[in-house]
Structure formats: C-alpha cells, structure tokens
Amino acid sequence: MITLITNIKELLQVRETSISKVSGAEMAILPTIKNAFLILKDNLIANFGTMENLPEIKADNVIDVTGRIILPTWCDSHTHIVYAGNREQEFVDRINGFTYEEIANRGGGILNSAKKLNEALEEEIYDQSRLRLEEVMHLGTGAVEIKSGYGLTIEGELKMLRVIKKLAENYPIAIKATFLGAHAFPIHYKENKAGYIDEIITQMLPEIAKNKLADYIDIFCEAGYFSVEETEIIMEAGIQFGLKPKIHVNQFNSIGGIQAGIKYKALSVDHLEIMRPEDIQSLKDSETMAVALPSCSYFLSIPYTPAREMIKAGLPIALATDFNPGSSPSGNMNFVVATACIKMKMTPEEAINAATINGAYAMGISETHGSITKGKRANLIITKPISSYYQIPYAFGSNLIENVFIEGQILT
Ligand code: NIG
Ligand code: FE
C-alpha cells in the first residue's frame, strides 16, 4: 500500500542518513524541507523531497495537507503508565502544604500506588493502562517506554510486566519494557533492605528474564530509596540477565547516581533536576543519554533540569513525560516540549530533537524511529494548519494535532 502525502508546508526532522542522537550545539539544528511530499510504503517511509521533485507515482492513497506541518511522532522514553487508580488525594495534600517527601514518608507515594496495584486484578490494570496508552497515541506519541515498579512483590512486578507485554501485543506503537522492582522498599523490608535486594536479584530477575518480560532495568537511586552502592549491585545483576540499565537519578539530591550509571554503561540517566558541575562533566565522553522530565518539575514544583548548561557542555538531552500517578499524571509530550522551551529555555529546534531522535536513542530504537528517514517507521504527526512549528511550544495549551500515523496507519 502506497500513501502519497502532498503539499506539506514543512516536513521536520528530515535526516537523509540515519543518526542515533544529536548532542550539544547540533541540537539547535532541525533539518526541514518546505513545500514537501512524503511517500509511505506500508509501515515505512519510502521517499520524500520538495514538491517540484515529486516523482511520477501510482499511489493507493493521496493526502493533500496544504498548510499543515509534518514531524515524526514523539518518542517518550520514560513512563510509568501501567498503574492502578490515582493519587489525587496526595495532590490536594500537597496543595495544602505537605511535601512529596513527607507524603512518601507517611506511607503514601510509591507505596500507596503499590498497595492499589497489588489489590487490583490484572484485567483492571490492563484496562486502565490501555486508556492512557490510547490517549498518548492521539497526542502524537509513537513509541513509549513503560516501567514496572508499583508491584514491589514478585507477583505485582510480574503482573505489571505482563500488562506491558499485552499492550505491546495489542497496539501498533513500539513499546519497551523496563523492570523497576527497585523503585522503593516495601514496608515489611524497611528494616531489611538487603532482603528486598536479594528478592529482586534471586527471585524477580530470573523469572523476568526467563519470560522475556523486560528490555531494561531501572533503579530509583535517591536518598531514602536506593543508595549508589545498592544501585550498582542491582545494575550488575540486571546486566547479567541481559537488561541494560536506565536509571532514576538526581531527582532531589546529587549522590553519585550519574557516575554509577555511566560506570555500568546505562542507556540513559533520567530526572537530573539537581546537577552539580561534576555531574555534567561526568556525562561528557559517555554514551549515556541525559533525560529531562519537565512535567515532573512542573507538577512537583521542583527545579528543572539545567538544559542550557548541559547543552553548552556538549551533552545530548532527551525529553520524556514520566507519566505516573504521583509526580507527573500527564503523558502529553506536546506539553513537555512546550515546558522545555518555556521553563528550561530550550529552543523549539532543541526541544523537538530531544523529544524525537534523542528520545528514540534513550529507548534503543533510533535505527527505526525518531526522524523522517527512508526505511524508518511511518510514524507521523500531521498538525492542524499552523503558521510555523514555533506554534508547537508557543500555543502550549492547544491541541495542534490533526492526525497521527503509526506504522503507516492513520489513528481513528
Ligand atoms: O519518576 N522518582 C521516582 N519515581 C517516579 C514517581 C513515582 C511516584 O510518585 O509514583 C518518578 O517521578
Ligand atoms: Fe519516573
């Protein structure tokens, strides 16, 4: 099936040859073609160029998008969209003056979600999560990483990972699964942290690997959660089971998690709200992607990742939603891109690079996703008629998406 799209006002993120990521000053460059055509063959991008160079072609389907901009779908490399219920009461508690940490210390937070998750049936969790996935697909997300981490028991973690697997089987969107058993210590292990780590390593990991339920391993490396030493032990075990690390670090404190991630060749280190100069220095000369989560900073009123300093130092940055019930109950990548521009002072070009090709890198799929390149997946956002792509961050509350293509099929 050949689809020809004509009269594209501007085609964004066009890369003639496949690249894996963009770093530092390169992030300011977003290659585009004005007045473009695009040809899709089945689920792949087959050809593109300017309208003057449109070849003679017999298409099954011709779509004229005069006035509209096309870009690759967002690659959201950090989410927790499989969860049960919500934490709206904690949201109101925070408005009334409690901090995220105070709520967590009284048994709320991650442990609150873990209780709900363990009480819910797998089918209920699937149904709730599927609605979130469908919502983000309509918001232009074409690839997503989803973490476990609200089970904190072998049954709960496996239940979450099975739900992720079922979502991947039932939806056309690319999904990567991450095992985050080390998200928090369950209450009954509060005085026996080594016991929980042992359960992760000797019980959860073998079962997950045997059933091929995860691609990556994650740990919440943070004061009051998993220390750097514990993080290293769990990363090492994960790697032995074939899971590359992608870890939560520097959300509230800089305790050495970045250096640990780099040491174990983590694909990404995520959050990075609190960055010391040495953290930025360590990331230079590594292949580890720095992932910023501005919706989390917005929702919790914590600092934003210092993107300008990091880009100036030559680092790549990816943007993701962190969609979860506690710190970012939104999976809207358009809002993430806008917030990165408004609050982190990233330019629209940098933010779009960060949310497409660099997001793809942070989930190991930049060979197939994240840019308009021949042979890559036909995953496209078609905007409504807009004056320029600056509108995407500028009109931050508006939905500017008219259509989304995933694997060459238009979403209905
Ligand atoms: O990425 N920081 C750790 N984990 C999640 C939040 C978890 C929660 O509050 O449920 C995050 O922000
Ligand atoms: Fe997270």
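The values are calculated or read from the model by the stated rules, or taken from the named source; none is laboratory data. Here the structure is a predicted model, which means the values were calculated and not measured. Every residue, glycine among them, receives a Cβ derived from its backbone with ideal geometry; neighbour counts consider all protein chains shown. These area figures cover heavy atoms from the full protein model, side chains too; ligands, DNA and RNA do not enter into them. Shrake-Rupley method; radii C 1.70, N 1.55, O 1.52, S 1.80 Å.
For this structure, a couple of remarks:
- Sub-7 Å Cβ pairs linking a first residue in segment 176-201 that is without any contact (Cβ under 8 Å) to a residue 60 or more places away in the chain and within 17 Å of SER113 (Cα to Cα) to a second residue that is away from ligand 1 (no atom under 16 Å from the Cβ) and open to solvent by 40 Å² or more (accessible area, probe 1.4 Å), at least 6 apart or interchain, are PHE185/LYS193, ordered by first then second residue.
- Test: residue in segment 288-295 that is buried (at least 18 other Cβ atoms within 10 Å of the Cβ) and on the phi > 0 side of the Ramachandran plot: no
- Test: residue in segment 372-381 that is touching a residue at least 60 places away in the same chain (Cβ under 8 Å), assigned to a loop (DSSP other than H, G, I, E, B) and either over 15 Å from PHE48 (Cβ atoms) or among the acidic types (Asp, Glu) (or both): no
- Residue list for segment 160-201, filter: of a type in the set (Phe, Trp, Tyr) and over 25 Å from the mean Cα position of the chain (by Cα): TYR189, TYR196
- Extreme residue, surrounded by the most Cβ atoms within 10 Å (Cβ to Cβ), among residues of segment 54-101 that are out of contact with any helix residue (DSSP H, G or I) (no Cβ under 9 Å at 6 or more places or on another chain) and charged (D, E, K, R): ARG68
- Among the residues of segment 99-123, the one identified as away from ligand 1 (no atom under 11 Å from the Cβ) and on the phi > 0 side of the Ramachandran plot is GLY107.
The rows are residues; the columns are (1) under 26 Å from LEU315 (Cβ atoms); (2) within 15 Å of ligand 1 (Cβ to nearest atom).
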| site | (1), (2) |
| --- | --- |
| LEU158 | no, no |
| ASP198 | no, no |
| TYR216 | yes, yes |
| GLY256 | yes, no |
| ILE262 | yes, no |
| SER268 | yes, yes |
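- Pair list, Cβ < 7 Å and 6+ apart or interchain, from segment 313-330 residues that are of a type in the set (D, E, K, R) to residues that are surrounded by 22 or more Cβ atoms within 10 Å (Cβ to Cβ): ASP322/HIS78; ASP322/THR79; ASP322/LEU293; ASP322/SER295; ASP322/CYS296; ASP322/SER328
- Matching residues, segment 3-43, being surrounded by fewer than 15 Cβ atoms within 10 Å (Cβ to Cβ), of a type in the set (A, V, I, L, M) and more than 22 Å from the chain's Cα centre (by Cα): ALA25
- Candidates PRO329, PRO306: the one that is crowded, with 19+ Cβ neighbours inside 10 Å and modelled with pLDDT of 95 or more is PRO306.
- Looking only at segment 303-325, and only at residues there that are out of contact with any Cys (no Cβ under 9 Å at 6 or more places or on another chain) and of a type in the set (D, E, K, R), the one that is farthest from ligand 2 (Cβ to nearest atom): LYS312
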